[in-house]
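Below: the structure, in structure tokens.
Where a number appears in this text, it was derived from the coordinates with a stated rule and is not lab data. It should be emphasised that the depicted structure is a prediction, and the values quoted were computed from it without experimental measurement. When we count neighbours, we look across all protein chains shown, and the Cβ atoms used for this are built from the backbone with ideal geometry, even at glycine.
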Amino acid sequence: MLPQSTSQTIGPFFSIGMSYDLHQMVTDATLGERITIRGRVIDGTGNGVDDAVIEIWQADANGIYPSPDDPNYANVDSNFVGIGRSDTTDEGDYWFKTIKPGKVGDMSPHLAVRIFMRGLLLQTVTRFFFADEDNSQDEIFNSIPEDRRDTVLMQPSTVGGETIYTLDIYMQGENETVFFTP
């Protein structure tokens, strides 16, 4: 008899990568407008995905990426890490405490997003844009068909003085989020 092994699909092993909290991306010293990003990861049947990981990467408040590859890296906010990671709850909820990123060149303020979850052999990537920003000059935003842009637009609200941007990630179905080739 052969020994028992894990399934041939990915996961659920994501707790290994969640041993430290990357939901909180800011400190008291971080420059910029504090915001919360939240939403749900939803599968093709309309249910929340309970073992996904959402990873975001973003520029600081001045539009500088915390990467030596950014030509303005010498001026980056050293109190901002720029990367966040959130596992999902039993209902598929994810969240981040971060800052609103600045505009990077001709690109609108945005978040680069990766989704890892069971059944995906490769991560899925997309970009989140802010619905309260002028995205009309952004080349990537304009490459998305107009009738699908709402799938990548985070909607703002204010609750108790806190600015919250919400966007659900639909993995399949009629409201499927626009995904890009990595």
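List of remarks:
- Estimated vicinal HN-Hα couplings, Hz - the range 166-182 in sequence order (Karplus 6.51, -1.76, 1.60; Gly, Pro = x): 10, 7, 8, 9, 9, 6, 8, x, 4, 9, 3, 5, 6, 10, 10, 6, x
- The chain, relative contact order in percent, only Cα pairs under 8 angstrom and at least six apart counted: 26
- The helix-only estimate of mean residue ellipticity at 222 nm for the chain, built from DSSP H runs of length n ≥ 4 each weighted as -39500 (n - 2.57), is -500 deg cm²/dmol after division by the residue total.
- Förster radius 22 Å - calculated FRET efficiency between Val125 and Asp147, Cβ distance, rounded to 0.05: 0.55
- Computed from the Cβ-Cβ distance with R0 of 25 Å, the FRET efficiency linking Phe179 to Lys97 stands at 0.50.
- Under the simplified labelling scheme, the Glu33-Asp132 pair shows an inter-label distance of 0.5 nm, with each label point 7 Å from Cα along Cα→Cβ.
- Summed residue charge, Cβ within 15 Å of Glu174's Cβ, Lys/Arg positive, Asp/Glu negative: -4
- Projected label distance in nm at Gln155 and Gln24, using a 7 Å step from Cα toward the beta-carbon: 3.0
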